Amino acid sequence: MPAPQELTSKDQLDLILQSLDDDKAEEIVTINLAGKSSIGDYMIVCSGRSSRQVSSIADKLAEKIKHATGRVAKIEGKETGDWVLIDTGDIIVHVFRPEVREFYQLEKMWLQPGSPAPAI
């Protein structure tokens, strides 16, 4: 088992995107926040098909971050599974049920007007 290490924001991003893909997250959107906000370098918004899947995606992602870096990601909202926020320090991940994501339309607040959402 490799020792925890300090990952760059890009390395964390790659780890997170792989985890989300492995856990079948849907409609993954990555938003570069560098120079736009002090909350982090990237924001990721994605969906899970059910409350159970949303919670599972968050749990597995937090575990992979802990295993890779030795740091514990902050998690909010896992109890209900409608919208879970995972804060890794450099990257904020939002995992929604589709109906909740549609209601809040969070990524639209951060993307440039008129530009399509970058899908990964």
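Scan segment 1-55 for residues that are of a type in the set (G, A, S), under 13 Å from the mean Cα position of the chain (by Cα) and modelled with pLDDT of 90 or more and report the count. Residues in segment 1-55 being of a type in the set (G, A, S), under 13 Å from the mean Cα position of the chain (by Cα) and modelled with pLDDT of 90 or more: 5 in total. Residues considered: A73, A58. Of these, the only one that is more than 14 Å from P98 (Cα to Cα), free of Cβ contacts under 8 Å to residues at least 40 places away in the same chain, touching a Ser or Thr at 6+ places or on another chain (Cβ under 8 Å) and small (G, A, S) is A73. Taking (1) without any contact (Cβ under 8 Å) to a residue 12 or more places away in the chain; (2) closer than 14 Å to F96 by Cβ in turn, T8 satisfies each apart from (2). Do we have any residue at all in segment 59-72 that's surrounded by 15 or more Cβ atoms within 10 Å (Cβ to Cβ) and in a strand (DSSP E or B)? No, there is no match, as no residue in segment 59-72 is surrounded by 15 or more Cβ atoms within 10 Å (Cβ to Cβ) and in a strand (DSSP E or B).
Candidates K24, K36, K78: the one that is in a loop (DSSP other than H, G, I, E, B) and under 23 Å from K108 (Cβ atoms) is K36. In this structure, does L15 turn out to be among the aliphatic types (A, V, I, L, M), assigned to a helix (DSSP H, G or I), out of contact with any Asp or Glu (no Cβ under 9 Å at 6 or more places or on another chain) and more than 19 Å from L111 (Cβ to Cβ)? Answer is yes for this residue.
The values are calculated or read from the model by the stated rules, or taken from the named source; none is laboratory data. Since the model is a prediction, treat every value here as computed from it, not as a measurement. Neighbour counts run over all protein chains shown; Cβ positions are idealised from the backbone, glycine included.
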